[in-house]
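Notes for the one structure printed next.
The values are calculated or read from the model by the stated rules, or taken from the named source; none is laboratory data. Computed from a predicted structure; not experimentally measured. All Cβ positions, even for glycine, are placed from backbone atoms using ideal geometry, and neighbour counts span all protein chains on display. Accessible surface areas use protein heavy atoms only, side chains included; no ligands, DNA or RNA. Shrake-Rupley method; radii C 1.70, N 1.55, O 1.52, S 1.80 Å.
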Amino acid sequence: MNYNSKAIEKKWQNIWSEKRCFKAHENSDKEKLYTLIEFPYPSGNGLHVGHARPYTAMDIVSRKKRMQGYNVLFPMGWDAFGLPTENYAIAKKIHPAKVTEENIKGFKAQINALGYSFDWDREISTTDPEYYKWTQWIFLQLYKRGLAYKATMPVNWCTSCKCVLANEEVVDNACERCGSSVVRKEKSQWMLKITEYAQRLIDDLDEVDYLERVKLQQKNWIGRSTGVEVDFQTTESDIIRVFTTRPDTLFGSTYMVISPEHKLLTKWESKLENNNEIKAYQEKAAAKSDFERTELNKEKTGVELKGIKAINPVNGQMIPIYISDYVLATYGTGAIMAVPGHDERDWAFAKAFGLPIIEVVKGGDISQAPYTDTQSGIMVNSGFLDGLDVSEAKEKITRWLSEKGIGFEKVNFKLRDWVFSRQRYWGEPIPIVHCEKCGYVAVDESELPLILPEVESYETTETGESPLAQIKDWVNTKCPQCGGKAERETDTMPQWAGSSWYFLRYMDPHNDKELVSKRAVEYWNRVDWYNGGMEHTTLHLLYSRFWHKFLYDIGVVPTVEPYAKRTSHGMILGEDGQKMSKSRGNVVNPTEVIERYGADTMRMYIMFIGDFEKTAPWSSEAVKGCRRFLERVWNLSLKAKTGKGENCSEINEASIHRTIKKVGEDIDAMKFNTAIAALMTLVNVFYEKGAERGDIKTLLLLLSPFAPHIADELWEQLGFKGLASMQPWPAYDESKMTESTKTIAVQVNGKLKTTIDVKTDSEDNAVIMAAISDEKISKLLKTSDLTKSIVVRNKLINLILKPKNLDN
RNA sequence: GCCGGUGUGGCGGAAUAGGCAGACGCCCGGGACUUAAAAUCCCGUGUGAGGCAACUCACGUACCGGUUCGAUCCCGGUCACCGGCACCA
C-alpha cells in the first residue's frame with residue numbers, strides 16, 4: 001500500500017472535526033494553556049506560506065501540550081475589517097461584507113487543508129456586529145474616562161488611501177500598507193491617550209517573557225527620556241520653557257530656538273521687527289512634508305526674532321531667539337536652549353549663523369566638532385559648576401534650578417497619542433454623535449452595536465470625508481442627551497481596533513451580555529504563548545497592551561499584561577532569496593504544495609527550513625526531502641505491522657529515549673528544525689538496525705505534532721487504540737539513554753589525532769592509559785615526552801607532548 | 001548617526017557553562033534492484049596535496065590580533081549584510 005497523502009489527510013481532518021478532538025473546555029481539571037497565533041486578515045490573495053510558518057509552529061506546540069495533558073485553547077478568527085477588501089469591493093462593485101465572507105471561506109478551506117488543531121467552535125470575525133459591539137463598547141469606556149478625545153491637529157494623510165494614519169503606520173514617510181506618500185494635513189480626529197500609559201507600557205515589560213529585541217524596540221518607540229524643564233525670561237513678560245536632558249551645559253547656552261508653530265509667535269506678532277520674514281519661514285515650514293523636513297537635516301535654516309531677547313537664567317546673559325524647523329512643535333515644549341558646544345544640531349546651526357560656541361565641558365575640541373559625551377568631562381566656564389564632572393554638575397544645577405523655582409525634573413516620551421479615526425467605510429462606526437448644544441455625546445450602550453449602514457457608494461471622497469457622511473438619514477439623528485438635532489460621527493475605527501482585544505473574546509465567544517464573562521476570563525486568565533510577526537511590535541502589540549491595561553483598570557480583566565510570552569518567526573523568502581511578491585513572480589502558494597506533496601510534507605518542510613526566528617529562503621527541491629522522509633516512515637511502519645509488541649526493542653532503546661528528550665525540549669524551545677533532524681536520525685537508525693512495532697509506536701507519537709495525518713493513519717493501521725493525536729506524550733528515562741562505551745577524541749597538543757573507545761564514565765587514569773597504548777599515540781611517544789594530559793569525561797583527552805631532548 | 005542582530009561546505013542549516021566543526025536535509029557521484037527508466041535501498045561527498053591502497057599530511061567557521069592544553073564559542077579591533085529608530089533637545 002502506497003502513501004496516499006491526499007486521501008489520508010482528508011480522512012483525518014474529518015475525523016478530528018467530527019469528534020471535536022481539539023475543543024477547549026472551561027470545566028476541565030487539567031492545567032490550562034492558551035496558545036495564540038495572530039489571526040489573519042482574509043485577503044483575496046489567499047493563504048501565503050508566510051502564514052503557514054507561525055501557524056504550524058504553534059499547532060505543533062499546542063498538539064504536543066495537549067498530549068502532555070494540558071487543556072489547550074488554540075483558537076482562530078478573522079481580522080476582517082480593512083482597506084484591501086474595501087478597495088476590491090469598490091473595483092468589483094460588490095459589498096465589502098460579501099467580499100469578506102467569500103475570502104473567509106477560501107482562507108478557512110486552505111487553513112483546514114493544513115490540519116491545524118484549532119477549536120473552530122470559537123471562531124470570531126471582527127466584522128461581525130456581535131463582535132464589534134464590544135469593540136465599540138470599549139471605545140465608549142475610553143471616551144467616558146477621557147482617554148478618547150477629538151482634536152484638530154496635523155495628521156499623516158495617505159494620498160492613495162485618502163485616509164489618516166497613526167504614527168505607527170507611517171514607515172519611511174510612506175503608508176505602511178500601500179507605500180504611497182504621506183503628507184501632513186490639518187484635520188479633526190478622534191485620538192486615544194496611549195501616552196497616559198507610556199510609563200506602564202515600559203515598566204510592565206519586566207513582567208513578561210518577550211524576545212529581548214521586541215522589548216527593546218517597544219522601549220525605543222515609547223522613547224522615555226528624563227531631563228529638566230527650565231524657564232527662560234525674555235525681554236517681554238512671557239517666559240520660554242524648554243526641555244533639556246543636559247541641564248549641566250546651561251552655561252553654554254548662547255541662543256534659543258523655538259519651533260515655527262510655537263504659540264508665542266502669534267502673541268509677539270506686534271512686537272517683532274521682522275514679522276514678514278518670520279511669516280514667510282513659517283509658511284515654508286508648514287508646506288514642507290515631514291519627509292522634506294528630515295531629509296534636509298544637514299542644512300540648518302531659521303530666522304532670528306528681531307526685537308525680543310531671552311535671558312540665560314544662570315548668567316543673566318541676553319541671548320537671541322530663533323525659529324527653526326529643526327525644533328519640533330510636538331516634542332517637549334517646542335522650544336530649546338541651544339548649546340552649540342555640546343550638541344550636534346546646535347553646533348551646525350551656530351556654524352551656519354555665526355553664533356558663539358562656548359566650551360563648558362572639557363574633553364573634545366569644540367572648534368572641530370561638538371563634544372557630546374554624557375558620561376565623562378569636567379565643567380569649565382560654568383561659574384559654580386566649574387571643576388565638577390558632568391554627573392555631579394547635573395545634580396547640582398538641577399537642585400539649584402528647583403530651589404530658584406525656575407526648573408523642575410521632567411520625563412518626556414516620544415510616543416504620541418493614537419490617531420484613531422479613519423475616513424473609510426469598512427470599519428467599526430465610532431459610536432459618538434455631535435449635538436449642536438451638548439457637543440460630543442456618547443451613544444447609549446443599549447444602542448450597541450451601532451451597525452455599519454448599507455451605502456450605495458463606499459468610494460472615498462476627495463474632501464477627505466468618510467463615505468458614511470453621504471448617508472444623510474443615518475447621519476442625522478437625535479442627541480441622546482437633550483433629544484435635539486445631532487449628527488453621527490462618520491469616521492470609522494482603524495483596523496487595529498478589533499485586533500486589540502480579540503484574544504479575550506476567544507475565551508467566551510458567544511456571550512451576548514458581556515465582552516467576556518468573569519468566569520471565562522478568570523479561568524483562561526491571559527494568553528500564555530503568543531507568536532506573531534516582528535512587524536507588529538510597535539503596532540498591534542503596543543496597541544493591544546494599551547487596551548488590555550485599560551480593561552484591567554476598569555475591572556474587566558484580571559491581568560495587567562495580555563500575553564505572558566511572545567515569540568516571533570522569521571520571514572519566508574522566495575526561492576531567489578528575495579521577499580515574495582507577485583511582481584517578482586516568486587510567490588509560493590501553500591495550496592499547490594499541499595496538492596503536490598501533502599499537508600504533512602508542507603508542515604514538515606516549513607519547520608525544517610531553518611531556525612524559526614530567522615528568515616529563510618524557500619527551496620522547492622528541499623521539500624522533496626521531507627516527503628521522502630514521510631515515505632520512509634510509511635514503509636518502515638507497514639513492515640512492522642505484523643508484530644504484536646508495544647514496548648520498544650532493546651537494540652533501539654537508547655536512541656528512542658534520546659529522541660524523546662530531544663524532540664520534547666526542541667519543541668518547547670521552538671527549535672523545530674533540529675527536532676525534525678532528530679526524528680530523521682531515529683528513522684535512519686531504524687533502517688539500519690530494524691524496528692519493531694513498539695519502536696514505531698513511539699516514533700508515531702513523536703511525529704504526531706509535526707505530521708498528524710500520517711501519524712494517526714499509521715497508528716490505526718498498526719492497530720493501536722484511539723488516535724495518536726490524543727495519546728499521552730511519551731516519557732523518557734535518562735538512565736536508558738547512555739551506552740556502555742563512549743568514543744572519545746584523542747588530541748595531541750590540541751589537535752585531533754585519533755579516537756578511542758572507553759567505558760562510559762571511565763576514570764581519568766584509565767583514559768590516559770587507553771590513549772597512550774593506542775598504536776598511533778605510542779608511535780608518537782617514541783620521539784616525545786608526555787608532559788601533561790587533560791581529560792574531559794566521556795568526551796576527549798588532550799595529551800601535551802614535547803619532543804625528546806636527544807642530546808642527553 | 002544611534003540601538004539590536006547576523007556572518008560556518010556547492011545550497012538550507014547543525015554544534016557554543018570553551019572540548020571530535022559541518023548533525024539533518026538538498027544537490028552531486030558510485031553501486032544494488034530492473035529488459036530499461038523512475039521510485040526504492042546501500043555507499044561516498046569541506047578544501048588542497050601525496051599514495052595502488054586501508055590511509056597520511058596541511059589548511060579550514062567574514063578579516064586581523066589576544067587569552068587558553070584546546071577558540072565557530074571568550075576578549076580587543078576591522079569589514080560586510082539584515083532589522084529598528086532617526087533633527088526626540
Distance in nm between pseudo-label sites at A:D553 and A:E650 (7 Å out along the Cβ direction from Cα): 6.9 nm
Gained length - A:T615 relative to A:I94, 0.36 nm times residue gap less alpha-carbon distance: 183.8 nm
Segment A:462-531: GluC sites (Glu not before Pro) in DSSP loop, at most 10 other beta carbons within 10 Å: A:E462
Bridge type composition, chain A - antiparallel percent by DSSP, nearest 5: 75 percent
Segment A:335-351 - phi-based ³J(HN,Hα) in whole Hz, Karplus 6.51/-1.76/1.60, Gly and Pro as x: 8, 10, 8, 8, 10, x, x, 9, 8, 3, 5, 5, 4, 4, 5, 4, 4
Peptides ranked, highest mean first, by Cβ atoms within 10 Å: ranges A:46-56, A:331-341: A:331-341, A:46-56
Chain A: C-alpha gyration tensor shape, a/c 1.5 cut-off, then a/b vs b/c: oblate
Loop trypsin sites (Lys or Arg not before Pro), segment A:533-635 (other Cβ atoms within 10 Å of the site Cβ: 14 or fewer; DSSP): A:K582, A:R584, A:K614
Förster-model FRET efficiency, 51 Å R0, A:R399 and A:N274, C-beta, rounded to 0.05: 0.85
Förster radius 35 Å - calculated FRET efficiency between A:R200 and A:S581 (Cβ-Cβ, nearest 0.05): 0.35
Amide H contacts under 5 Å for A:Y322, placed H, 5+ residues apart: A:M256, A:V257, A:I258, A:L305
Placed amide H near A:S784: partners under 5 Å, 5+ positions off or other chain: A:K804
Helix axis angle, A:5-18 relative to chain A longest principal axis, alpha carbon, degrees: 70 degrees
Computed over segment A:648-781, Cα set: Rg, Dmax in Å: 19.5, 63
Added length on full extension, which subtracts the Cα-Cα distance from 0.36 nm per residue, A:D473 to A:E445: 8.0 nm
Candidate aspartates and glutamates for bridging to A:K414, where Cα separation is under 13 Å - those fewer than 8 sequence places away on the same chain excluded: A:E168, A:E196
Gap separating the Cα centres of segment A:67-136 and segment A:144-196, nearest whole Å: 26 Å
Label point at A:T152 placed 7 Å out along Cα→Cβ; residues across segment A:311-336 whose backbone nitrogen lies under 17 Å: none
Hz values of 3J(HN,Hα) by residue in segment A:35-46 - Karplus curve (6.51, -1.76, 1.60), Gly and Pro given as x: 9, 9, 10, 5, 5, x, 8, x, 7, x, 6, x
Karplus-derived 3J(HN,Hα), 6.51/-1.76/1.60, for each residue of segment A:537-544, Hz, glycine and proline x: 4, 9, 10, 3, 5, 5, 4, 6
A:H262 accessible area, 1.4 Å probe, all protein chains in place, Å² to nearest 10: 30 Å²
Portion, in percent, of the accessible area of chain A that falls on carbon or sulfur, probe 1.4 Å: 49 percent
Sites A:A7 and A:T642, calculated FRET efficiency, Cβ-Cβ separation with R0 22 Å, nearest 0.05: 0.40
Separation between Cα centres of segment A:673-724 and segment A:203-240, rounded to whole Å: 54 Å
Residues with amide H under 5 Å from that of A:M580, placed H, sequence gap 5 or more: A:G574
Nearest 10 degrees, 0 to 90: helix A:49-67 Cα axis against chain A principal axis: 60 degrees
Residue-level accessible surface for A:I768, protein heavy atoms, 1.4 Å, Å²: 30 Å²
Under 26 Å, Cα to Cα: Lys pairs in segment A:493-584, sequence gap 8 or more or different chains: 4
Given A:K689/A:K742; A:K644/A:K736; A:K65/A:K662; A:K284/A:K306; A:K65/A:K671, the pairs whose alpha carbons are separated by over 21 Å: A:K644/A:K736
Principal-axis tilt of helix A:83-92 within chain A, Cα atoms, nearest 10 degrees: 90 degrees
Length gained when the stretch A:D238-A:N381 is fully extended (0.36 nm per residue, less Cα-Cα span): 48.7 nm
Restricting segment A:217-326 to GluC sites (Glu not before Pro) in coil, as DSSP defines it, with at most 15 other Cβ within 10 Å: A:E236, A:E269, A:E273, A:E299
